[in-house]
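Here's the structure, in structure tokens; my notes come after.
The values are calculated or read from the model by the stated rules, or taken from the named source; none is laboratory data. Predicted, not measured: the structure shown is a model, and the values here were computed from it. In this analysis, Cβ positions are derived from the backbone assuming ideal geometry, glycine residues included, and neighbour counts consider all displayed protein chains.
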Amino acid sequence: MRLTGNIFGHSRDIQTELPLQTRAASRAADEPGCAMSGEDREPPSVDESLVTAALAGLPGATGELLRRLAPLVMRHCKRKVLPGERWRIDAEDLAQEVVLAALAALPRYHYPAGAFLAYTFAIANRKLAETRRRHRNRGVTPVGEFSDESRPLAVTWADPWAEVERADVRRRLTALLATLPPRTRQILRLRVVDGLSARETAEVLGMSSGSVRVVQHRALSDLRRRVQADHWFQVT
């Protein structure tokens, strides 16, 4: 996927610019006494007004957001990747993936502008966990041996009626979700769809992690009762 300036009101190709920004941030993080390595000096911050401008699609805002976001994400990734796993997890590649995902999320970002950096760091934590899990599974999953007697792969055809039914289920569930309060929908989206932890969700929304868990539990319980009471779900 290529994110171009036409999407976010930025004249340069984000896919081309991103590696340049993260490589520069990586070099800065490795240089002693620089803004990335010194604890007393911080990289340029991502302030609320800049995120608001990028969300509005103002010219140049997304490029400036990229410039400021890249070193912050790079430093976060370098801190999170443990020394013993750096041979298989590249912090620079991870940072590029995170920044790209954060910029791609801008059109559907409906949370406080001041929480965008916390949201981006949560994406980084989730992607790092996924990468660790993927490497761990590779280490324990045996590779099967193929021979001339191996069975050919079975070809399965999608059931069009099943696809229609699944689409109907999604439509009805979406309608149920639309009846929930806006804050509850935000919590469910961050927790279930975006995969953020309760603590990360709380940081994005400016509430306690305990409150996030309570709201999520009540919302899911309410949805479960309503689905069970809905005759359409029972007959399908």
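Before moving on, here are some points about what is shown:
- Filtering segment 112-133 to residues that are of a type in the set (D, E, K, R) and without any contact (Cβ under 8 Å) to a residue 12 or more places away in the chain leaves Glu130, Arg133.
- Residues in segment 47-91 that are at positive phi and part of a helix (DSSP H, G or I): 0 in all.
- Condition check for Gly60: small (Gly, Ala, Ser), surrounded by fewer than 19 Cβ atoms within 10 Å (Cβ to Cβ), at pLDDT 90 or above and within 22 Å of Phe116 (Cα to Cα): yes
- Tally of residues being polar (S, T, N, Q) and surrounded by 14 or more Cβ atoms within 10 Å (Cβ to Cβ) across segment 210-236: 2
- Glu17 among the acidic types (Asp, Glu), at pLDDT 90 or above and assigned to a helix (DSSP H, G or I): no
- Counted residues, segment 152-167 - those being over 29 Å from the mean Cα position of the chain (by Cα), at pLDDT 55 or above and of a type in the set (Gly, Ala, Ser): 2
- Yes/no for Ala91 being touching a residue at least 60 places away in the same chain (Cβ under 8 Å), in the same structural domain as Pro112 (by TED's automatic domain parsing) and crowded, with 21+ Cβ neighbours inside 10 Å: yes
- Qualifying residue in segment 34-46 (condition: modelled with pLDDT of 90 or more, surrounded by fewer than 19 Cβ atoms within 10 Å (Cβ to Cβ) and of a type outside the set (Asp, Glu)): no
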